[in-house]
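Bear in mind that the values in this text are calculations on the coordinates, not laboratory data. Just so you know, these numbers come straight off a predicted model, no measurement behind them. Ideal geometry is used to build each Cβ from the backbone, glycine not excepted, and the neighbour counts take in all protein chains shown.
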Amino acid sequence: YTTLFRSRYFHLNAEQETRALKELEEQHPIMYERHKGRLIAAYSYVTVADIEARDLITDWFDKNALVKVQHAITRRMDDKAISESSMILLRSAAVNRMIHDILAHPKTQPLAFRLEASGVTDDGQPYGRVIVKEPVTEEEMSRFTPYKPVRSGSDWQLDFNPERGMEPVILSRIPNPFWPETVVTIFNADSGRAVEQIVRLFIDDELLRAGINQYKWPVLMPASFQILYAIPIGSIETNYRRAPLDLLASRIY
C-alpha cells in the first residue's frame, strides 16, 4: 500500500517545482528533511465555488458579449500569451501567484484597498484584514465601524472575523502593470464562496448599478476602479444563494 499525504502552506506559492521545493526547504526545513526525496509540488486544488464563479463569468460573456472566454492556467502560459489577454483573476495573493505579482508591483501600490493574508488575532481569533488608504470619508468610516477600524501608520486597518459571519472582498479593474495595453479584473477574496458571491453581483447589471449609484459614479464601469464589499458567509448549505452584499467604499482611478 502507498499512503499519500498532502500539505499546504499558504505563504509558499511558487509555480515552478524546483523553486517550490527550494522555498519549502528554506522556510520549513524540518518538514523538508522529513520527506526529502518524496516531495512533489502539486497544483490540483480548486474549490467548487471557484469553478462556479468561473462558469458564471464565461456564461455571461457568451450570452451578453458573444465573446468566448478562454480558461487558462497562467503558470503554463508564456509571457506573450498573457500580455495579449485581459485577465480575470480569482482569489487572493496567497493562492494566486499572478494576483500576488500584480499587487506587489510598484504601479499598484497607490491602490486604496488591499487584502492582507488572513491571520490570527492576539486572542486567537481568525481574521481577514483589509488595509484602506486615506482619505476616508465620514460616511465610509461609519460603514467601517463593525470591523473595528484601527490606525496603521497613515492607513486604516479593518479586521473581519469569520465567526461573525462576514468576509471582505475587493473588486478591482486596473491596468495590468506589466502590460499597460491590457486590463486586469481581480475578484480578490480569501474564500471561493466570497468570490462566487461577488461574481454573482458583477454579472447582474441592475444590482451592480444600484450599488454603485450610492457613490454617484459618472458611468457604470469606469476604466479603472476598486470596490470594497463585506460579504455574509453562512453555512455550506446556503452559501450558494445570492447574498445581500454590503458596499463599504469605492474608488475611481
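How high is the FRET efficiency between Glu206 and Asn161 when r is their beta carbon distance and R₀ equals 25 Å, given to the nearest 0.05? It would help to have the intermediate numbers written out before the result.
Numbers: r = 31 Å, r/R0 = 1.26.
With R0 = 25 Å, the Cβ-Cβ based efficiency is 0.20.
Calculate, for Thr145 and Gln109, the FRET efficiency according to 1/(1 + (r/R0)^6) with r their C-beta to C-beta distance and R0 25 Å; round to the nearest 0.05. Using R0 = 25 Å, I get an efficiency of 0.40. Subtracting the Cα-Cα distance of Ala65 and Arg34 from 0.36 nm times their residue separation leaves 5.9 nm of extension gain.
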